[in-house]
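The values are calculated or read from the model by the stated rules, or taken from the named source; none is laboratory data. Because the structure is a prediction, the values reported are computed rather than measured. Positions of Cβ are backbone-derived with ideal geometry, glycine not excepted, and every protein chain shown enters the neighbour counts. These area figures cover heavy atoms from the full protein model, side chains too; ligands, DNA and RNA do not enter into them. Shrake-Rupley method; radii C 1.70, N 1.55, O 1.52, S 1.80 Å.
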Amino acid sequence: MDGIPIPWHENRSKKSKKYEEKEADQAAHAGSRVHPDESGEAGGDERTLDEEFGSRDKYNKFTDPNYWGPVLRPYVLFANLNQRICENEYFNNWIIFCIILAGALVGVQTYEGMDEDPAVLALDMIILVFFAAECVFKIFAEGVAIWRFWLGKEWAWNNFDFFIVLACIPGLLSLGKQVVVLRLLRLMRLAKVFRKIPQLQMIVMGLVGGMKSISYIVLLLCMVFYLYAILGIMMFADNDPFHWGTLPLAMMTLFRASTLEDWTDVMYFNIYGCDQYKSGGGINYCDVATDDCSHLLPDEVDADGNNVYLLDCSVPELNYIGADNCTKAILDGDVDDQGRAIRHVYNHLNLTIYNSDVLCVNPSTSMYGAPIFYISFIVVSALVMLSLFVGAVTMAMADSMEGMKRDQEEKDKIRRLEKGRKAAEDLRKTGSIRNSYSNINEIEEDEPEEVLTGKMARERARMKTLLMAAWDGSEVDPNAQDEVPFEGWKKSYAELSRLMEKLTEASWFQNFVTFVIMMAGAQVGFQTYEEEDIKHRDALEAIDFVISTIFTVEVVFKLIAQEFEPWLFFRSGWNRFDFALVVGGYLPLGFDLKMLRLLRLLRVLKLVNKLPQLQVIITALMMGVSSIGYIGVILCIFFYFFAIIGMIFFAQNDPWHFGSLHMTMLTLFRASTLEDWTDIMYINTYGCQIFGYSDTMNEALNGAGCGSAKALGKGQLARSVIWRGSPMSSLYFLVFVMIGALVLLTLFVGVVTTSMEEATEDMKEALAIEAEVQKVAEEENIPQEQVEMYRVVFGILDLDGGGSIEEDELKIGLDAIGRKPTDAELKKMLLEVDESGDGEVDFAEFLQFMMVVKRAQTKRRSQANLEIDGLELDALEEEEEGEGGEEDEGGHEGNE
């Protein structure tokens, strides 16, 4: 049979058949119709969508080379190669890098001349090649069923990527600058890596989970806004047409007021009337009865009834670039049918605006109605309903955090447990300090002796001895010092090291250093004044020298305290920071280290341990720092996306706020803090020629101000944008403020609130455990020194650092000291003290556990002593009986 070829349809692997049979069984149980092929195997003409477009971890005949004949087998093998490329981690990371780079290039191309730069264009084309290659690899990876690229499990992302590639190919699709937006949308694919970062996943899940509640809140707000808008139009439309002239204007005004942005100016307009309170919120009302409002009044009305506003060309008037307004208007084509230069004035219904001036025609006051209207609205919308955004996001984040926290804690526990196993292995190899604790009777005699010359090795030995003593029920002083195995000058230096260690760890020394740190901070503040303003500069310099000396002495003391292992000093981040400051103060670095020395004030944070409530706050902030950083990443991506969109629509009209990418990002950050965001919106709603732009802003732009050729050349919109604005403005800012300010910034509150709750719970739990510890100590009559010894032992056994001990950790720790109780003995003792029944023992329960162990050891010793006494008594009786027998035998012989 060796030379006989096997038909391709019979040359299927056993693994393929096994998967097909399993797949057929699963389909039969699911009620799917699977028809066997000619060979009787589950091939399948009719299959469910889940089977047809299922995940790749199931058997897939379309990519199995053994399933197809010799014609298609090479192609399927090639498809498998493409599949391995697509699943390769390095390839996916490279694609993510290209996505980020493509998004950055979109921003770079917004700057003048960069969209035609050869290097940028070449890099953009290279990125396009990689994106196209990704699509090609994924198409071929589907094997024979290439349609699954567009219809399979990841059909949404695949179709999106494929369309982006087609849209970016030069000359293929005529999308204009909209392709920039589509290319930028590829940044959304970064959501795939969110699940790799637990904190980021928690934030995104909290945000998504809160969206449903937020949508209901928005719906409720819209109903409230609509009712107040109708009422506002009825009360204030005649007096304040800019804010209440139409229903859309009224709705936007209420949204503005709900964000607390200049809402008092809007209220004062309607309390005192537009003829009395004229300026505020970016506009100036011009009263036709008392002010010169000729620039707002039409010069004539044409035959169609439209107002005509003409420029006065009798007197030349120069604009901000030094050109005559009339001449420029004629050159730009701003003329009527008679060739006269015209002005563009916004005039709709009863609202007339020009250069931020608004015509006040029907002034009226509302001394009582306006305050009641605005105060009630602010209370209902801003102070109550918008606060629901915070609650919705916070609650959703808390819910998502629970599950993720458990998963992350399990991963951290495994990591710390593995680290603890290594520490236990080091402890196993460490010898015990025999000559320091002579009362320990049960030390393994077969343990190899180890010469402990290093400080760290002796510390491990001391910990091992404490653990052995605690388990054996011996009384040990945890503060006892072991003998140092040195002679001569080394012994003297080691004794000096111990003295320095006690000194640097003393509370009075640490408080003194803290006082010096605060003095250094004050001294740096005094040195910011000019020399002639300080009368005692010599004294300040002397104090500076003394402070530097004290810091130097502190570092030297701490280095000496490490004996012959000074590198242990650098394990602490604070120590490394202090060392850098001290050494830097003596080096000719050419810059002042006073600001760096001022950072030593951060060491005062060590005092928070003495203030529990402050400790909760600091702990919450530290817990939320990483999450806050991830929120910053999300905000940057969101801002960047909206910045590109904003430049596309508003750069021609508003070069001050949207003229460049960095200024646009700054503008959006300003808007996210709700600082005068409506001024930016109105500029782009009405046009820079109608609203908002002053001569100061135009002059600062150096010839690139409102209506300039340089500004208008930044986009493809018509020149009329400067007096008509963009219809996208209101929608753009509404969406941005809703998401950027009211939702995303709320995440900061949610993270800090959640961290505060978690830190508070941890503190309450710690205080409860400590109270239980004191209770156990009183009931068992345990001295405080012994409690501290058991606390050190607890820290040794808590391998994962989680604040509790499990059975596995206890077994690993006891095995490290040669103590191997049976599982039944260990579980029996643990069940006696595990009051919560969660399988974990906190320090209070551990203290009870050690008392159980101690009583068991005492009972065992008593029984052993009784057995020894019994044996000795039996031996004595036997000896006495033997002596008595000899005497009886001697007496009997005498009688005879």
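Under 17 Å from a point placed 7 Å out from the Cα of I637 along the Cα-to-Cβ direction: which residues of segment 202-222 have their backbone N that close? Answer for this model: 202-211.
The stretch between T264 and T327, if pulled fully straight at 0.36 nm per residue, gains 18.5 nm over its current Cα-Cα span.
Separation of the alpha carbons by more than 28 angstrom is noted, of K491/K854; K827/K859; K775/K854; K491/K558; K490/K558; K811/K859, for K491/K854.
Which FRET efficiency value, to the nearest 0.05, do you get for L503 and A856 by plugging their Cβ-Cβ distance into 1/(1 + (r/R0)^6) with R0 = 45 Å? After rounding, the FRET efficiency stands at 0.60. Return the whole-Å distance between the Cα centroid of segment 85-117 and the Cα centroid of segment 689-764. Between the Cα centres of segment 85-117 and segment 689-764 lies a distance of 25 Å.
Computed extension gain for L621 through L123, at 0.36 nm per residue and net of the alpha carbon distance, reaches 175.1 nm. Each residue, F515 and D238, gets one label point 7 Å from its Cα in the Cβ direction; the gap between the two is 7.6 nm. Accessible surface of segment 79-174, 1.4 Å probe: 71 percent of it comes from carbon and sulfur atoms. The distance between label points at F62 and M367 comes to 7.9 nm (points 7 Å beyond Cα on the Cα→Cβ vector).
Take the Cβ atoms of S314 and E675, set R0 to 35 Å, and the FRET efficiency comes out at 0.25.
Among the chymotrypsin sites (Phe, Trp or Tyr not before Pro) in segment 106-160, those placed in a DSSP loop whose Cβ has at most 14 other Cβ atoms within 10 Å are Y111, W147. Grab the beta carbon distance between T246 and L383, set R0 = 25 Å, and tell me the FRET efficiency rounded to 0.05. It comes to 0.40. Roughly how many nanometres apart are two label points built 7 Å out from the Cα toward the Cβ at R73 and E87? If labels sit at R73 and E87, their model points lie 2.1 nm apart.
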